[in-house]
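The values are calculated or read from the model by the stated rules, or taken from the named source; none is laboratory data. Here the structure is a predicted model, which is why all the values come from computation and not from measurement. Glycine also receives a Cβ, built like all others from the backbone with ideal geometry; neighbour counts cover every protein chain displayed. For the accessible areas, the whole protein counts, side chains as well, though only heavy atoms, and no ligand, DNA or RNA atoms are used. Shrake-Rupley method; radii C 1.70, N 1.55, O 1.52, S 1.80 Å.
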Amino acid sequence: MLGPVILAASRSDKMRRFISAAPGTKQVVDRFIAGESVDQVVPIVEDAADKGLEVTLDVVGEDITTPAQAEAARDAYLELVERLKVLDLGPRAEMSVKLSMFGQALENGHELALANVRPVVEAAAASGTTVTLDAEDHTTLDSMFAIHEELRKDFPQTGCVIQSYLFRTEDDARRLAAAGSRVRIVKGAYKEPASVAYQDKAEIDKAYVRVTRILMEGEGYPMIGSHDPRLIAIAQELGRQSGRKLDEYEFQMLYGIRSDEHIRLAAEGHRMRVYTAYGTDWYGYFMRRLAEKPANLLFFGRSILTKG
């Protein structure tokens, strides 16, 4: 399978330099990355709101090696909060954060990440919006969930992400599906060993359905992160079976993928949120998008061979 190969390439400095310099890269990156700055992404947020869509904004960048870089990531999100406040869009424009950007992998990383993310969550709450903690590889999850629990003491609207391909996720979903919680379910986009994660797509999809059922039958607010038409239809049916109204859960899809489906779901009355990434450190995020879907890789391959 190509996915693990692409994910391995996402950690290669040599591949990063090669892909960054390729003539067709910008064309493809622009499909998935909304821009490099807050100024570039604000019109996209406004356009989405005009179309009845909601967004969650991610400042891309995970290769944090110093506390100063982690503080810079914090400041980038604080700048974003201020701009969202001016837009006065409330929960229609929230934020997604990866704790690796806030120093989680550094010395005393758990405490450092909590100290850096807290002011972002606090500023978001003061501006009428909120933050969702993205899931990363399985070695980081205990720390992420502990930070999530700590933040929810003061900011109960803080969300988190769970990944269906991990064996642990059904138990995590049962624990998290409590009143007031906000939980996004995705398949997962990191290279994980067979000791902790399903490797077969069919098994991952089955687990996704089981976890979605747990969330729908719980008391929290499920966020269905998928582009798969079959899983979307199943989630809709599970919502009906659980007696949920259309505004009691939402769908989430990536910026640049199945945009027509974003509009269709919103027109049906569903809450539809577009995961919108921006920033200059796009490489890791971009490579995971390629790994998730072979069609993305084909699109990139054709573009990279195009001169000019």
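Only one of the numbered conditions (1) open to solvent by 70 Å² or more (accessible area, probe 1.4 Å); (2) touching a helix residue (DSSP H, G or I) at 6+ places or on another chain (Cβ under 8 Å); (3) under 24 Å from Ile44 (Cβ atoms) is violated by Asp75, and that is (2).
If only residues of the range 267-286 that are touching a strand residue (DSSP E or B) at 6+ places or on another chain (Cβ under 8 Å) and assigned to a loop (DSSP other than H, G, I, E, B) are counted, the one that is modelled with the highest pLDDT is His270.
Each residue in the range 48-63 was checked for being open to solvent by 70 Å² or more (accessible area, probe 1.4 Å) and farther than 18 Å from Ser96 by Cα, and 2 of them qualify.
Looking only at residues in the range 82-99 that are on the phi < 0 side of the Ramachandran plot and outside any helix (DSSP H, G or I), the one that is most open to solvent (accessible area, probe 1.4 Å) is Leu89. Of the residues making up the range 196-208, those that are surrounded by fewer than 20 Cβ atoms within 10 Å (Cβ to Cβ), out of contact with any Leu (no Cβ under 8 Å at 6 or more places or on another chain) and either among the aliphatic types (A, V, I, L, M) or within 17 Å of Asp142 (Cα to Cα) (or both) number 2. The set of residues from the range 102-154 being open to solvent by less than 60 Å² (accessible area, probe 1.4 Å), over 24 Å from Glu250 (Cα atoms) and of a type in the set (Ser, Thr, Tyr) comprises Thr140, Ser143.
Among the residues of the range 173-195, the one identified as assigned to a loop (DSSP other than H, G, I, E, B), under 18 Å from Thr56 (Cβ atoms), open to solvent by less than 20 Å² (accessible area, probe 1.4 Å) and without any contact (Cβ under 8 Å) to a residue 60 or more places away in the chain is Ser181. For the range 132-163, the set of residues classified as touching a residue at least 40 places away in the same chain (Cβ under 8 Å) and either aromatic (Phe, Trp, Tyr) or outside any loop (DSSP other than H, G, I, E, B) (or both) consists of Thr132, His138, Thr140, Ser143, Met144, Ile147, Gly159, Val161, Ile162, listed by residue number.
Exactly one residue out of Glu79, Glu111 is assigned to a helix (DSSP H, G or I), under 18 Å from Ala135 (Cα atoms) and not aliphatic (A, V, I, L, M): that is Glu111. Sub-8 Å Cβ pairs linking a first residue in the range 230-254 that is over 11 Å from Arg271 (Cα atoms) and in contact (Cβ under 8 Å) with a residue 40 or more places away in the chain to a second residue that is open to solvent by 10 Å² or more (accessible area, probe 1.4 Å) and acidic (Asp, Glu), at least 6 apart or interchain, number zero. Among the residues here, Ile162 qualifies as within 23 Å of Ala125 (Cβ to Cβ), of a type in the set (A, V, I, L, M) and within 14 Å of the chain's Cα centre (by Cα). Only a single criterion out of (1) without any contact (Cβ under 8 Å) to a residue 40 or more places away in the chain; (2) surrounded by 14 or more Cβ atoms within 10 Å (Cβ to Cβ); (3) closer than 30 Å to Gly256 by Cβ; (4) out of contact with any strand residue (DSSP E or B) (no Cβ under 8 Å at 6 or more places or on another chain) is not satisfied by Arg168, namely (3).
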